[in-house]
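What follows is one structure encoded as structure tokens, with my remarks underneath.
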Amino acid sequence: MLGGGGLIAANVYASAAEGWGQEASGSGPVPTAGAATIDCPDVGTRLTSVPDGARGEVDRELALLDEQIAAAYRQFQETPQAERQDPGFTGGALMDPLKEKRAATIGRITDAIDRAGDRPQGLDELAECTLRPADDRSGDGTDGGGGQDGAAQEQNGGGQDQNGGGPAQGSGQGGNGPVASDYQDITTVQPGAQSPPRTADASRGSFTSSCGVNADGLFNSDNVIVAPGVSNGAHHFHDYIGNQANSAFASDEDLAGADTSCVDKGDKSSYYWPVLRLQNGTRERDADAPGGGTEGNAGQIVTPRQVTLTFVGNPREKVTAMPRLLRIITGDAKAFVNGPANANASWSCTGFEDRQVKDKYPLCPAGSDVVRTFAFQGCWDGRNIDSANHRTHVAFAGADGGCPAGFRAIPQLVQRIVYDVDAPSLADGGRAVPLFAVDSFPEQLHKPVTDHGDFINVFDEDLMGEMVDCINTGGTCGADAAPAPSEEPSEPPASSAAPTAGAGAEPEPGGTAGEQSAEPPADAPATEPADTGAPAVSGTTAPRVYASASPGGTASAAAPGGADAGDGTPTTGLAPAGTAVAAEAGDASATGGTEPQAVEGGLADTGARLWPAALGAALVIAGFVVLRRTGRRA
């Protein structure tokens, strides 16, 4: 009995402690794995209100804070290991100067806001940063990625960074990640999700915009939303589709007058996200440039195989038109040090899209492609096209699918990006099959949880009106959209699990919906697509997004839209506790909404690893039986 109980306790504790552990509530940084990093409080997220007159100066100073962190991280990386152990280096030569620079910059931010409005309080406390050491689990073979953290070391040059960055102190081609524990076999992820019930006023339709895959290679390391007027404001490269005037210096007039890659020229919206790279030693054109190789973003940029842009409705109400030039950011590029409160990464594989992970890259079976899904906020405050922290003017719907008080439903963008990349060979650090990872801020270590997407609405009014009408009337419209089904299937029970999306229905590049990709191997767990009559969008089943546990650890939080309610229309979805998809909800205190958040590594995600606990339970039961029989004989 004692042995069985101990086995249960040890196994359950180990399973529940995997992944984000105590940081699952979003109250702190994500545990490090494989490399040290610099952890600084994010000043930008604290600025929920900045007067218009101070906005430009504040944005420039916030960008300077990012540059200061990146410079300190580069200094740390380029310092020999022996010198790093000297407290005089970490304090006097690295962290103390960084604190002084940040204090001066934060002081200018405070003064700028004070001149234009009320002086903010408490910003001075955000100047100090910490040097977060590598996780103790590195190399011990117990990480959740199916291999040793220490295995994913620099693979192209005997431990030397191939892009001028000095010795590779962490792992990966740029020396700052990823590591083996950043990956997870998609077949070990538990499937299943639920959708909130629809009301009679639900907006059931969908609208698709087809804007290509950035085959012409429009990249830069700017971010016109977060750091307008600042070159290299992102410190990592973005893929751009849609609007072709994307740069940090593009004005609203530039965006409105630009060309577009979209099939419907009425859509000049800007869609962008961090590039995905193969860390195979390739020297891209940014190998020696800021935002690229000099900041640890190294290797071959992968062009997506397919990009699907679908705008969906709300399960409780009709949608209203987005305001022109509305800015939306989903996810958090700094989630590794900020914590997961605003994270909205969602990774999966074709044929397995009912299984989603948020803090791991997926290891896909042969014949299955990597899928990134971004579900943007579907609720708007009805007044602002942006906010000081770029979050509080929009929000996700609540657990019942309704928008927070004071917010109205708008068409919700669900963005699905597919890549033809093979599962990397983790045992040899990606030498046989290269690692893949998204670009990131240097100190974010290429963690998958930092994935994010950006959108600027530059639809013309007529096309936006068509979109709203189509979604509200239950149609399936837009470029390459398939005709709506002739018959709408009945609503499934709220308790039914959401069906798999995209299984075996991925078209080849440039192909049609009838050109199917390879099916998952026969020995892979089956994921049956349900026959819901869902309309195909750009040759695929509508993208599916699953909700997750809330910061409090329950499954009652709101989720991004994209799950199917049974009538063929992507909607907001709910997942059981532990389903690995995040939903970035902006500032809950400002909107009254929830902050849905997934937790990777909870019990629901590790059921397949709980067989020792099951054995322990059997031992405990057997012990009780023996004890009872012995007592009777006595």
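The values are calculated or read from the model by the stated rules, or taken from the named source; none is laboratory data. Keep in mind that this is a model prediction, so the values were computed, not measured. Note: ideal-geometry Cβ built from the backbone for every residue, glycine included; neighbour counts use all protein chains shown. With ligands, DNA and RNA removed, areas are computed over all heavy atoms of the protein, side chains included. Shrake-Rupley method; radii C 1.70, N 1.55, O 1.52, S 1.80 Å.
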Study note, to complete from the structure: If each part is reduced to its alpha-carbon centroid, segment 55-117 and segment 283-341 end up apart, in Å, by 25 Å
Point to revise | Lys/Arg +1, Asp/Glu -1 at C-beta; segment 96-136 dipole; positive extreme among Leu123, Ala104, Pro133 | key: Ala104
Check your understanding: How are the Cα pair distances of segment 311-379 distributed, in percent, across 5 Å bins from 0?
Key -> 3, 14, 17, 18, 17, 15, 11, 3, 1
Review point. What residues have an amide H closer than 5 Å to that of Ala287, excluding those fewer than 5 places away on the same chain, when H is modeled at 1.01 Å from N in the peptide plane?
Key: Gly293
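In what order, largest first, do Met467, Met95 sit by accessible area if the probe radius is 1.4 Å?
Numbers: Met467 0, Met95 25 Å².
Largest to smallest exposure gives the sequence Met95, Met467.
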Practice item. Could you pull the accessible area for Asp111 with a 1.4 Å probe, rounded to 10 Å²? Key: 60 Å²
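Which number do you get for Rg(Cα) / (2.2 N^0.38 Å) in segment 203-273? Numbers along the way, then the final one.
Numbers: Rg = 12.8 Å, N = 71, 2.2 N^0.38 = 11.1 Å.
So the Cα radius of gyration is 1.15 times the expected 2.2 N^0.38 Å.
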Check your understanding: Quick one: which of 44-53, 449-458, 284-293, 341-350 comes out on top by average Cβ neighbours within 10 Å, and what's the full order, highest first?
Key -> 341-350, 449-458, 284-293, 44-53
Review point. Under the Karplus relation 6.51 cos²θ - 1.76 cosθ + 1.60, θ = phi - 60°, what is the ordered set of whole-Hz ³J(HN,Hα) values for segment 104-111, x standing for Gly and Pro?
Key: 5, 5, 5, x, 5, 4, 4, 5
Exercise for review: Please list the non-local residues whose amide H lies under 5 Å from the amide H of Gln184, H modeled 1.01 Å from N, same-chain partners needing a gap of 5 or more.
Suggested key: Tyr361, Leu363
Review point. Once phi is turned into θ = phi - 60°, what whole-Hz ³J(HN,Hα) does the Karplus curve with 6.51, -1.76 and 1.60 give for every residue of segment 355-368, x standing for Gly and Pro?
Key: 10, 10, 10, 10, 10, 9, 7, x, 9, 9, x, 4, x, 10
Exercise for review: May I ask you to evaluate 6.51 cos²θ - 1.76 cosθ + 1.60, the Karplus curve with θ = phi - 60°, for each residue of segment 74-90 and list the ³J(HN,Hα) values in order in whole Hz, giving x for glycine and proline?
Suggested key: 4, 4, 5, 4, 7, 8, x, 4, 4, 5, 5, 6, 7, x, x, 6, 4
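For a quick protection proxy, order the peptides 241-250, 268-277 by their average other-Cβ count within 10 Å, most packed first.
On the way: 241-250: 20.9, 268-277: 26.0.
The densest-packed peptide leads the list: 268-277, 241-250.
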Review point. If ligands, DNA and RNA are left out, what is the accessible area of Phe396 with a 1.4 Å probe, given in Å² to the nearest 10?
Key: 10 Å²
Point to revise | Distant-in-sequence amide H partners of Phe459 (H built 1.01 Å from N, under 5 Å) | key: Lys268, Ser269, Leu325
Practice item. Calculate the length of the line joining the C-alpha centroid of segment 189-230 to that of segment 347-385, in whole Å. Key: 10 Å
